[in-house]
1. I want the antiparallel fraction of DSSP beta bridges within region C:7-223, as a percent rounded to 5.
2. Within 10 Å of each Cβ in B:200-212, how many Cβ atoms from other chains are there, averaged over the peptide?
3. Under a Cβ-Cβ cut-off of 13 Å, what is the net charge of the residues other than A:ILE77 that fall near it, where Lys and Arg count +1 and Asp and Glu count -1?
4. Springs between alpha-carbon atoms under 10 Å, Gaussian network over chain C: tell me which of C:PRO121, C:PRO129, C:PRO45 tops the mean-square fluctuations.
5. May I ask you to give the solvent-accessible area per residue for chain B, in square angstrom, as obtained with a 1.4 angstrom probe?
6. Tabulate in residue order the Karplus-calculated ³J(HN,Hα) for region B:67-84, using 6.51 cos²θ - 1.76 cosθ + 1.60 with θ = phi - 60°, rounded to whole Hz; enter x for Gly and Pro.
7. If you put +1 on each Lys and Arg Cβ and -1 on each Asp and Glu Cβ, how big is the dipole of chain D around its Cα centre, in Debye rounded to 20?
8. Can you list, shortest first in nanometers, how far D:SER22 lies from the same residue in the other copies, with each label 7 Å from Cα toward Cβ?
There are 4 protein chains.
Amino acid sequence: MQGQDGFVFHFGGHAPSRTVRSGEVFTVFTEDCFCGKLTDVDGRPREVAPYPKVNPLTGPIAVDGVVAGDILAIRLIALEPARDWGVATISPDFGLLSGTRANPNLQRPQDERVWIWTFDPGRTSLTTPTRSGPPLQVPFRPFHGTLGVAPAHGEVRLGVVPGDFGGNLDIPDLGPGTTLYLRANVDGGQVYIGDGHYAQGDGEISGTAIEGAFNTTLSIDRLAPEEGFDWPRLETASHIGVIGCARPVDDAVRIAASGLVRWVARRTGLDLMDAHQLVSQCCKLRIGNLVNPSFSVLCSIPKRALPA
Amino acid sequence: MQGQDGFVFHFGGHAPSRTVRSGEVFTVFTEDCFCGKLTDVDGRPREVAPYPKVNPLTGPIAVDGVVAGDILAIRLIALEPARDWGVATISPDFGLLSGTRANPNLQRPQDERVWIWTFDPGRTSLTTPTRSGPPLQVPFRPFHGTLGVAPAHGEVRLGVVPGDFGGNLDIPDLGPGTTLYLRANVDGGQVYIGDGHYAQGDGEISGTAIEGAFNTTLSIDRLAPEEGFDWPRLETASHIGVIGCARPVDDAVRIAASGLVRWVARRTGLDLMDAHQLVSQCCKLRIGNLVNPSFSVLCSIPKRALPA
Amino acid sequence: MQGQDGFVFHFGGHAPSRTVRSGEVFTVFTEDCFCGKLTDVDGRPREVAPYPKVNPLTGPIAVDGVVAGDILAIRLIALEPARDWGVATISPDFGLLSGTRANPNLQRPQDERVWIWTFDPGRTSLTTPTRSGPPLQVPFRPFHGTLGVAPAHGEVRLGVVPGDFGGNLDIPDLGPGTTLYLRANVDGGQVYIGDGHYAQGDGEISGTAIEGAFNTTLSIDRLAPEEGFDWPRLETASHIGVIGCARPVDDAVRIAASGLVRWVARRTGLDLMDAHQLVSQCCKLRIGNLVNPSFSVLCSIPKRALPA
Amino acid sequence: MQGQDGFVFHFGGHAPSRTVRSGEVFTVFTEDCFCGKLTDVDGRPREVAPYPKVNPLTGPIAVDGVVAGDILAIRLIALEPARDWGVATISPDFGLLSGTRANPNLQRPQDERVWIWTFDPGRTSLTTPTRSGPPLQVPFRPFHGTLGVAPAHGEVRLGVVPGDFGGNLDIPDLGPGTTLYLRANVDGGQVYIGDGHYAQGDGEISGTAIEGAFNTTLSIDRLAPEEGFDWPRLETASHIGVIGCARPVDDAVRIAASGLVRWVARRTGLDLMDAHQLVSQCCKLRIGNLVNPSFSVLCSIPKRALPA
């Protein structure tokens, strides 16, 4: 399946790589963030995938009939690992626990290290050897770090950027069974997908997840424009939520939480204060990433908490 | 049981209200953050509990034999609601989604509103009427918003402050079955407890949880000093974690995550980079509060992720 | 002179509006941020210049012979007001002392107001009537809020954005006699200029300066690439400095201050710690804006502080 | 003169070291932040002045007749260096350009270094040798880094803390000729002074100024309570300003700028929007420190900008 769609490194500015019908179920191959070129622990991340040629995106996928202002409901149906291994790194001047270009210091930069994680039998977990001790094992929790549309107002952004257009959100909830709602900023919507993660802790603090290629099955529904729709919305079987992207995290939470309060008010007829009260007593805040150009946070509540 | 311990409004500077033996199981009454005086929706929060006479603390409880530098393991055994209702408010100049004294703006302040939440039959949830629509219902999730010791270096802090001494952390994991580890800064340790919450969403974004009185059963074990122990640690049946307090949230996460990386390295013999990798691929970040003088975050991992 | 160059609303993605020789002195007309359409106190800013059609840029101006990687020395020679009035506004959901889209709250948005400032005789100050009292008067301090080049890596950004490519910096030092150094990211460099300010306090806290059109005389020198050149540098008769752009301000200062320390070390042969010591004892930090998508800070030291 | 007043390491909790009359001119000796014990470049800062025994404060000085709620006008009349040298350091885990306990990372900590600065003939500048090159020279710009009163609400804070009670502000404007206004939180006011700086760049980015002892002449006037007085106010011959303390810097600016807007409105009768407009077009923002438990910012405007 690899090769049907090419890879690009920006959001915006492209002709569609394919066009789908609203609701059509289709499958795409997504490469890992190192373009599949970081294959062993002696590899050099910044040589095999030099910035900004990182985080290759599959797409853009146009949706037939979508016009700017419509809402896209992107349903992630199945994420099938395309390889039996994933890769993770720690690099100088990157990650939450290091100075970075946006947050520099004068200390000596941290060293670089690469881990190759391989699936365990049964594929419910992954294991990696370590240099300093016993191997590590974590559960398989597949999701797409990056899922977005062409940005508003004619901007063109790098594939590592998250924002109101979605993008490099790194929210672990973006796995099988989840729907991400994004507003189309251009006709066709132009959906980009990539940055598969076999597992990731909240915040992606070291700078990468367990990065892996996927064959991903999804559909994109065209929905009518909706007043008050602004930042990305997410829905699972049990929860609804809003995603905010900003620095510092505090502001990302403000975007997500106030967005959810307004959405709940609109859905339920509650006034803002009662909706605020409800969200405040039962919301979950999930920090997606703390390492991208903007940080991302999901604020969600259980659907069953919504008054009938 | 009410009245055995008096209430105080600071951390530090008090003679003990009682002294317990290491490991002794005992029960305390804790008042709600409004001193039990906000009992109906027409009440005025800032008149019945004028700042800084909010967040009354039970204690301090001294632990026999503890000297400064020892570690206290505070085990929360049972939190029994002392009333059949709790109270929540939204107030001017307070909360994440409002300007505050530390983050002011020139907009008109939001209005004040009070909600009385009452237990549903079976006491697994609470319900409140609203002014604008149907009632709200959320699950009962009891915990103590405030649990701390006398601060280091002779400081005396208000009861609303969180920090390395614990305090007003508002981490929802601080419920039955959880152990909070704090370093004693003074002989006896001087443990303060209060701010019972019947339920609270992450971040306590509106400024209060469902505030309620508890009869709480706990024990405090004296443990030996431990090299590298700095910020509060938390343990449940399944997880271990570190709590950081700072503004902005980013820095609270840095404290919690780097603290957990160092703790994992120390426990497992992994070097810092391998420990960093493990935490990064499986940690949970939970934002406790975004409304106190410092914000609080818990970074935790499953115990089963620790290599043997 | 108006009309020789058209106006654009992005950095990047354009053919040059004109090409100049290195060192050539030339004059451009720059429109105010409201496209010259907000001319009286009853005007509606967001109707006359609806987002993102704000902050029109003159250019891009290509420099003959410049290739990507070269350094551009943009010398601001003279800023001649093109009108006898400027305009300033306060708007809902904008400014440091208001919730914004990136920092939202649930309070009622502030009202909108427009001030028309006119030059006093002698043109050393400007005066505006007020609605609530006596008129206001401030000194004339002309500068360009916006001066940048095409961004790196193929990004296209809105004209309101500041960054390592310069852009909407709003640093009041960018007036007559100042040189701004920027690295060319594309051949020709592609310089954009606009957003004339007749006066502005540090931080542009209300969201606008006294916005005015200019006929501006400048030159652009092509300099060789320079190792270690990263963020914009600024030079006046007496000072050198580095500009950082980030949120929160803390990080913008980190970029600017560490950039200046490294630059001083490189120029003087001092090691990083001695250069750090020098900068720390005599630097000035100037906050340009606190209202754009990134905040900007200049860290500068007197040239005479540089050891011979 | 040394020894008339003892030194303390906290704000709050002390009996007065002396009592003065309102308006009385008196002189105090203030020790440097290392208690005068760091006297050469081979000294070990954290051994000679181990935390929290740093930043010794002279005082507290009670003012006769002052009651809680009164305003104190602390006039700095003359700052006479008590020695011919000052000292500055860079230390591990401290400073804006390093990870710190509140902002940790996993990089190797920076090294420690000490500089001894000595007055040049004429005492208008100071010079220090360097390890890596020629000596450094900066102008003599004397001020007190620390000037505060007993905190509100019974808190006791370390001498390194700034806040609404003043404290470790590190605002370079706090030199000869400046008046700092603080609200008395307790009867007598209880003024603490120390942390003399012979020079300091904005932000005190390396973590220390050129630290030096002073014999300082000052007076403290008792003024009536004033509605709307909240954060510290500063007045010089030419400017008035408000100081905010918070993290991140953005919030410190919000406190200072909104405080000044409200003060200007109250003084001039302008409404908030007109006062906001005035401040926005002519304010200066000065960052005092970026290294203390809270960061500090002064927002000031020229007195001549105030409409008559």
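The values are calculated or read from the model by the stated rules, or taken from the named source; none is laboratory data. On a predicted model such as this, the values are computed, not experimentally measured, just so you know. With ideal geometry, Cβ positions are generated from the backbone for all residues, glycine too; neighbour counts draw on all protein chains shown. We work out accessible area using only protein heavy atoms, side chains counted, and drop any ligands, DNA or RNA first. Shrake-Rupley method; radii C 1.70, N 1.55, O 1.52, S 1.80 Å.
1. Working: 54 of 57 bridges.
Within region C:7-223, antiparallel bridges account for around 95 percent of the total.
2. Details: counts 4, 14, 11, 11, 3, 13, 10, 2, 3, 2, 4, 0, 0.
Taking all residues of B:200-212 together, the mean is 6.
3. Details: positive: A:ARG75; negative: A:GLU24, A:GLU80, A:ASP221.
Local charge sum for A:ILE77: -2.
4. C:PRO121
5. Working: 9770 Å² over 308 residues.
Spelled out: the 1.4 Å probe surface of chain B, per residue, equals 32 Å².
6. Result, rounded to whole Hz: 10, 3, x, 5, 9, 9, 10, 9, 9, 8, 9, 8, 10, 9, x, 8, 9, 9.
7. Values: 27 positive and 33 negative charges, 63 e Å.
For chain D, the charge dipole is close to 300 debye.
8. 5.7, 6.9, 7.5
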